[in-house]
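Visitor: This is the structure I have questions about; it appears just below.
The values are calculated or read from the model by the stated rules, or taken from the named source; none is laboratory data. These numbers were taken from a predicted model, which means no experiment stands behind them. Cβ: placed from backbone, ideal geometry, glycine included. Neighbour counts: every protein chain shown. We work out accessible area using only protein heavy atoms, side chains counted, and drop any ligands, DNA or RNA first. Shrake-Rupley method; radii C 1.70, N 1.55, O 1.52, S 1.80 Å.
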Amino acid sequence: LDDWYPVEKTPRAIVNTPAHFLYATIVSRTAAMMGKSQAARHYRDVAAKVADNFNDQLLNRHSGQYGANRSQAGQVMPLAVGLVPEALRPAVERALLQEIRENQNHLSTGFVSTPYLLQTIMDLAPELGWEMTTAQDYPSYYSMTAGSDHDLMMEKWDGGMVCMPSLGGNIAGWHYQALGGIRPDPAAPGFKKIIIKPNVVGDLHWVESSYDSVHGRITSNWRKRGDQLSMDVIIPASTTATVYVTCEAVSAITEGRKTIDKSEGVTFLRMEEGRAVFEVAAGSYAFRSEMN
């Protein structure tokens, strides 16, 4: 199948071959969890063969471009499913960001690849994601809805074809995961472990978000005033979380009016791209920091 109503076309093989790789990988992992080692090896080999053939035939290893004509879908699908050789990910990411810039920071994907685009740029380029999801000219979520006088999401970016309210899942996922920062941790599925990693972007001053997991409600609220950031986080009982706090320095962070090193249940792990990363036990926390 092709991408569905994209702004720019992507060759069919570049859209659906990553799906073949993804499904083989999922089956291999599932078989391993079930103790079916032979099946796990078989489908792991299938995924590896698909990846090798795909990259040999379609990836320009110098430019990071997939296919003869670069597109957002063509760059993002291999990135999102883990098909890109690790050493070449930076080149492929640069080609994706260049393609986005050439489209004036607008999306050009269809509804097969759009969720993968938003997921991939969530941390790679959160400011670009903010521009894409809040744009009001075509192509945008606005042009699909209010801009073409529709209350529900339509099938095309210009508001054409049928109503497809289920497409709201793409943008809702962006809001919860990229802005609110509530994400599942693959290390312990089912939100047994939680990631709280909000992106403070654009002219956005505050976010309030919560998710009712099987363990209880997860809350991630933040507010920005000048260079001051406040983050109020609730981690439900019987779970733990990794919390990312944007800051100028760890020493400038407080929690519950205490210096961060005095906060019970909070353990500093590392600094990562302008954020302090903490392991946090179940409980309620009020982080305060100074941003750059």
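Visitor: Right, D52: open to solvent by 40 Å² or more (accessible area, probe 1.4 Å), farther than 24 Å from H20 by Cβ, free of Cβ contacts under 8 Å to residues at least 24 places away in the same chain and not β-branched (V, I, T) or not? Step through it out loud before you land on a result.
Guide: Working: open to solvent by 40 Å² or more (accessible area, probe 1.4 Å): yes; farther than 24 Å from H20 by Cβ: no; free of Cβ contacts under 8 Å to residues at least 24 places away in the same chain: yes; not β-branched (V, I, T): yes.
No: the conditions fail for D52.
Visitor: Determine whether W206 is among the hydrophobic types (A, V, I, L, M, F, W, C), under 30 Å from L107 (Cα atoms) and free of Cβ contacts under 8 Å to residues at least 24 places away in the same chain.
Guide: On the way: among the hydrophobic types (A, V, I, L, M, F, W, C): yes; under 30 Å from L107 (Cα atoms): yes; free of Cβ contacts under 8 Å to residues at least 24 places away in the same chain: yes.
Yes, satisfied.
Visitor: Scan the stretch 72-92 and report the pairs whose first residue is among the small types (G, A, S) and whose second residue is open to solvent by less than 10 Å² (accessible area, probe 1.4 Å) and part of a helix (DSSP H, G or I), with Cβ atoms within less than 7 Å and a gap of 6+ or a chain change.
Guide: These pairs meet every condition: A73/V15; G74/I14.
Visitor: Among the residues of the stretch 252-281, write down those that are closer than 13 Å to T242 by Cβ and among the hydrophobic types (A, V, I, L, M, F, W, C).
Guide: Answer for the stretch 252-281, where residues must be closer than 13 Å to T242 by Cβ and among the hydrophobic types (A, V, I, L, M, F, W, C): V266, F268, L269, A276, V277, F278, V280, A281.
Visitor: Looking only at the stretch 208-235, which residues are small (G, A, S), in contact with a Gly (Cβ under 8 Å, 6 or more places away or on another chain) and under 13 Å from F287 (Cβ atoms)?
Guide: Of everything in the stretch 208-235, just one residue is small (G, A, S), in contact with a Gly (Cβ under 8 Å, 6 or more places away or on another chain) and under 13 Å from F287 (Cβ atoms), namely S220.
Visitor: Can you pull out the residues in the stretch 18-47 that are open to solvent by 60 Å² or more (accessible area, probe 1.4 Å) and in contact with a Ser or Thr (Cβ under 7 Å, 6 or more places away or on another chain)?
Guide: Y43, R44
Visitor: Still on this structure: Looking at (1) within 30 Å of S143 (Cα to Cα); (2) open to solvent by 80 Å² or more (accessible area, probe 1.4 Å); (3) assigned to a helix (DSSP H, G or I), which is the one condition that is false for W4?
Guide: (3)
Visitor: Which of the numbered conditions does I260 fail, given that it passes all the others? Conditions: (1) β-branched (V, I, T); (2) under 26 Å from S213 (Cβ atoms); (3) open to solvent by 30 Å² or more (accessible area, probe 1.4 Å).
Guide: The one condition I260 does not meet is (3).
Visitor: A follow-up question, please. Could you tell me whether S71 is under 24 Å from P11 (Cβ atoms), open to solvent by 30 Å² or more (accessible area, probe 1.4 Å) and touching a helix residue (DSSP H, G or I) at 6+ places or on another chain (Cβ under 8 Å)? Show your work before the answer.
Guide: Details: under 24 Å from P11 (Cβ atoms): yes; open to solvent by 30 Å² or more (accessible area, probe 1.4 Å): no; touching a helix residue (DSSP H, G or I) at 6+ places or on another chain (Cβ under 8 Å): yes.
It is false that S71 is under 24 Å from P11 (Cβ atoms), open to solvent by 30 Å² or more (accessible area, probe 1.4 Å) and touching a helix residue (DSSP H, G or I) at 6+ places or on another chain (Cβ under 8 Å).
Visitor: Against the definition (open to solvent by less than 40 Å² (accessible area, probe 1.4 Å), under 29 Å from F287 (Cβ atoms), touching a residue at least 24 places away in the same chain (Cβ under 8 Å) and in contact with a strand residue (DSSP E or B) (Cβ under 7 Å, 6 or more places away or on another chain)), how does I196 come out, yes or no?
Guide: Values: open to solvent by less than 40 Å² (accessible area, probe 1.4 Å): yes; under 29 Å from F287 (Cβ atoms): yes; touching a residue at least 24 places away in the same chain (Cβ under 8 Å): yes; in contact with a strand residue (DSSP E or B) (Cβ under 7 Å, 6 or more places away or on another chain): yes.
Yes, satisfied.
Visitor: Within the stretch 128-180, take every residue that is in contact (Cβ under 8 Å) with a residue 60 or more places away in the chain and within 30 Å of I194 (Cα to Cα) and give me the one that is surrounded by the most Cβ atoms within 10 Å (Cβ to Cβ).
Guide: Initially, the stretch 128-180 is screened for residues in contact (Cβ under 8 Å) with a residue 60 or more places away in the chain, giving 129-131, 134, 139, 155-157, 161, 178.
This time we only want the ones that are within 30 Å of I194 (Cα to Cα), so: 129-131, 134, 178.
Values: G129: 26, W130: 21, E131: 18, T134: 14, A178: 24.
Among those residues, the one meeting the criterion is G129.
Visitor: Restricting attention to the stretch 174-224, which residues are of a type in the set (K, R) and under 18 Å from the mean Cα position of the chain (by Cα)?
Guide: R183, K193, K197
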